[in-house]
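K.L.:
Quick one: this structure, given as C-alpha cells, is what I'll be asking you about.
Computed from the coordinates by the stated procedures, all read-outs in this text should not be read as laboratory data. No experiment lies behind these values; they were computed from the predicted model shown. Neighbour counts are summed over all protein chains in view; Cβ atoms, including those assigned to glycine, are modelled from backbone coordinates with ideal geometry.
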Amino acid sequence: MKTKSITTLSALPLLLASHLAMAQTVDVEVTNLTQGMYFTPLLVSAHDSATHLFEAGQSATAELQAMAEGGDISGLAAATVATGAVNSENPASGLLAPSTSTLVSNLDTQTNTHLSVVGMLLPTNDAFVGLNGWEIPQQAGTYTVYLNAYDAGTEANDEIVNGGGAPGAPGIPANPGGNGGTGATGVTATETNQTVHIHRGNVGDTDLSGGVSDVDSRIHRWLNPVAKVVVTVK
C-alpha cells in the first residue's frame, strides 16, 4: 500500500504537466472570401470536445436559428460559456465585408481543446459560415482551414429583403451593400431540407425592380468555401 502511494504521488507532477500543456494561446484570423456577401458579428469559441454550435444533418437549435436568421450570437455565446467555453464575440466590431479580415489575438483557450466559428451571411435568409468543433493542434504552428456556408434549414430561401430576421419571420434582414433589387415575388416559399446542410447559394436575378429575388445574381452568388481561418497556436 505504501509503495502504491509513493508511485501515485511521483506521477502527480507528470499528470499536472500534461494537464497544463492543454492550455494554449491562439490567434484566430477570419477572412471573408466572397465577392459580395457580408458576415454578421462572428462568434469565435474555444470549447470542449462535447460542445457543438451546429451539426450538419441535424435540426438547428433555437440559438443557431437566431444567429442564422438574424445574426444574433448571444444565445450561442451564452450556451457555450455555460459549458466552460472561452469566447470572442464580434471581433470585427460589426460586419465583416467581402475580402476583409478580422483577428482574434491571444485567445487563452484554458483547458478547451476545440474551436468553432459562426456568423450569418447577408443577404440571405438563413445562411451562415461555420467551423464546427475543429480540434486545436497541440503543436505550435500556423494552421489554415477553409469554411463552407451552411443553410440552417429553418427558413425558406425566398430571397426577399424585407427587414425580417426574427426567428420564424420570413425574409432577409438587410442587404448591407445596398446593391440589390426590390419588389421580388420570392424564389421559393418552402424549404425541403429542414436540417442543417450545405447551402446551395443565392439564386438571385438581375431585375432590380421586381423579379423573383431581391438578390443580384451578378454580385451575391457564391461557391464554397466562403471563408479562410488561420489559427496560430503559440
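K.L.:
Where residues in segment 175-204 are closer than 21 Å to Glu63 by Cβ and not β-branched (Val, Ile, Thr), which of them is surrounded by the fewest Cβ atoms within 10 Å (Cβ to Cβ)?
P.N.:
Of everything passing the filter in segment 175-204, Asn193 is surrounded by the fewest Cβ atoms within 10 Å (Cβ to Cβ).
K.L.:
Given the options Ala149, Ala140, name the one that is surrounded by fewer than 18 Cβ atoms within 10 Å (Cβ to Cβ) and either over 22 Å from the mean Cα position of the chain (by Cα) or not basic (Lys, Arg) (or both).
P.N.:
Ala140
K.L.:
Looking at the structure I just gave you, is Arg200 over 20 Å from Glu69 (Cα atoms) and not β-branched (Val, Ile, Thr)?
P.N.:
So Arg200 does not fit the description; no.
K.L.:
In the list Ala92, Ala56, Ala85, which residue meets the criterion of being in contact with an Asp or Glu (Cβ under 8 Å, 6 or more places away or on another chain) and either without any contact (Cβ under 8 Å) to a residue 24 or more places away in the chain or not basic (Lys, Arg) (or both)?
P.N.:
Ala85
K.L.:
Given Asn112, Asn132, which one is over 21 Å from Glu159 (Cβ atoms), within 14 Å of the chain's Cα centre (by Cα) and not acidic (Asp, Glu)?
P.N.:
It is Asn132.
K.L.:
Given the criteria surrounded by 14 or more Cβ atoms within 10 Å (Cβ to Cβ), β-branched (Val, Ile, Thr), touching a Pro at 6+ places or on another chain (Cβ under 7 Å) and under 28 Å from Ser59 (Cα atoms), does Val215 qualify?
P.N.:
yes
K.L.:
For segment 76-91, which positions are polar (S, T, N, Q) and more than 15 Å from the chain's Cα centre (by Cα)?
P.N.:
The answer is Thr83, and nothing else.
K.L.:
Considering only residues of segment 60-100 that are polar (S, T, N, Q) and surrounded by 14 or more Cβ atoms within 10 Å (Cβ to Cβ), which is nearest to Ile160 (Cα to Cα)?
P.N.:
Out of the qualifying residues, it is Gln65.
K.L.:
If I filter segment 120-127 for residues that are crowded, with 21+ Cβ neighbours inside 10 Å, within 19 Å of Ala68 (Cα to Cα), in contact with a Gly (Cβ under 7 Å, 6 or more places away or on another chain) and of a type in the set (Asp, Glu), do I get at least one hit?
P.N.:
no
K.L.:
Pick from Ala92, Ala97, Ala66, Ala85: which is touching a Gly at 6+ places or on another chain (Cβ under 7 Å) and among the aliphatic types (A, V, I, L, M)?
P.N.:
Matching residue, one of Ala92, Ala97, Ala66, Ala85: Ala66.
K.L.:
Since Ala227 meets every condition but one in (1) surrounded by fewer than 21 Cβ atoms within 10 Å (Cβ to Cβ); (2) closer than 22 Å to Asp72 by Cα; (3) among the small types (Gly, Ala, Ser), which condition does it not meet?
P.N.:
Looking at each condition in turn, Ala227 falls short on (1).
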